[in-house]
1. Would it be correct to say that Tyr97 is of a type in the set (Phe, Trp, Tyr) and out of contact with any Asp or Glu (no Cβ under 9 Å at 6 or more places or on another chain)?
2. Please enumerate the residues belonging to region 101-121 that are surrounded by fewer than 15 Cβ atoms within 10 Å (Cβ to Cβ) and not in a loop (DSSP other than H, G, I, E, B).
3. Quick check, is Val61 surrounded by 18 or more Cβ atoms within 10 Å (Cβ to Cβ) and farther than 26 Å from Phe134 by Cα?
4. Residues of region 85-97 being part of a strand (DSSP E or B) and over 29 Å from Leu57 (Cβ atoms), which ones?
5. Which residue pairs have Cβ atoms under 8 Å apart, sit 6 or more places apart or on different chains, and have a first residue in region 24-49 that is surrounded by 16 or more Cβ atoms within 10 Å (Cβ to Cβ) and a second that is aromatic (Phe, Trp, Tyr)?
6. Only one of (1) of a type outside the set (Lys, Arg); (2) at pLDDT 95 or above; (3) over 16 Å from the mean Cα position of the chain (by Cα) fails for Leu118. Which number is that?
7. Testing Pro79 on (1) in contact with a Ser or Thr (Cβ under 8 Å, 6 or more places away or on another chain); (2) modelled with pLDDT of 95 or more, one condition comes back false. Which one is that?
8. Among the residues of region 86-95, are any open to solvent by less than 70 Å² (accessible area, probe 1.4 Å), under 30 Å from Asp151 (Cα atoms) and touching a Leu at 6+ places or on another chain (Cβ under 6 Å)?
Amino acid sequence: IIDVKKPLYTRQGNDAQVAQLVADMKAGKVSGLITYNVNPAYSHVNAADFAEGVKKLKLSVALSTQNDDTSAITQYSVPTPHYLESWGDVKVSEGNYGLVQPTIQPLFNTRQVQDILLKWSGSTTNYYDTLKEFWATNVLGGKSWNQALHDGFFNVESLETEATAFE
């Protein structure tokens, strides 16, 4: 779910923090690790160190769309659906947000990562309902969920312009 006031830039990495995580795992300072659609056992610059650190964890879980090197070394490998089978939302640009909806029915008996985390946290609400409620409450400002879903995007600035025009 997108916090329109504080966007989270997910594609930014920090090599020093990852190196510290690997060192902490190897030193026994980390009890568990959950990865999602990443394969550091293959792609990390020190993949062997990462794999050694995973062996020392009390809990290791790989959530992934594919069976890869990381899912092979973790205690649990949880299959997740392809993005074409999933719900979501994105920040396209400042003030412009998009809704992502499945283009195909799930091909296998999987859950998307948001549903997994909701379930593990004890929630009985699925991700679709959580997403819809969040958008209705925090983004759409009284506008129609169905219209935003139909259009595929929503412009927050146009909502603010409309609100100013009526004041």
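The values are calculated or read from the model by the stated rules, or taken from the named source; none is laboratory data. In this text, all values refer to a predicted model and were calculated from it rather than measured experimentally. With ideal geometry, Cβ positions are generated from the backbone for all residues, glycine too; neighbour counts draw on all protein chains shown. Areas reflect the complete protein model, heavy atoms only, side chains present, ligands, DNA and RNA absent. Shrake-Rupley method; radii C 1.70, N 1.55, O 1.52, S 1.80 Å.
1. Answer is no for this residue.
2. Lys119, Trp120
3. Yes: the conditions hold for Val61.
4. Those that are part of a strand (DSSP E or B) and over 29 Å from Leu57 (Cβ atoms): Asp89, Val90, Lys91, Val92, Ser93, Asn96, Tyr97.
5. Listed pairs, sorted by first residue: Met25/Phe50; Pro40/Phe50; Ala41/Phe50; His44/Phe50.
6. (3)
7. Just one mismatch for Pro79, condition (2).
8. yes
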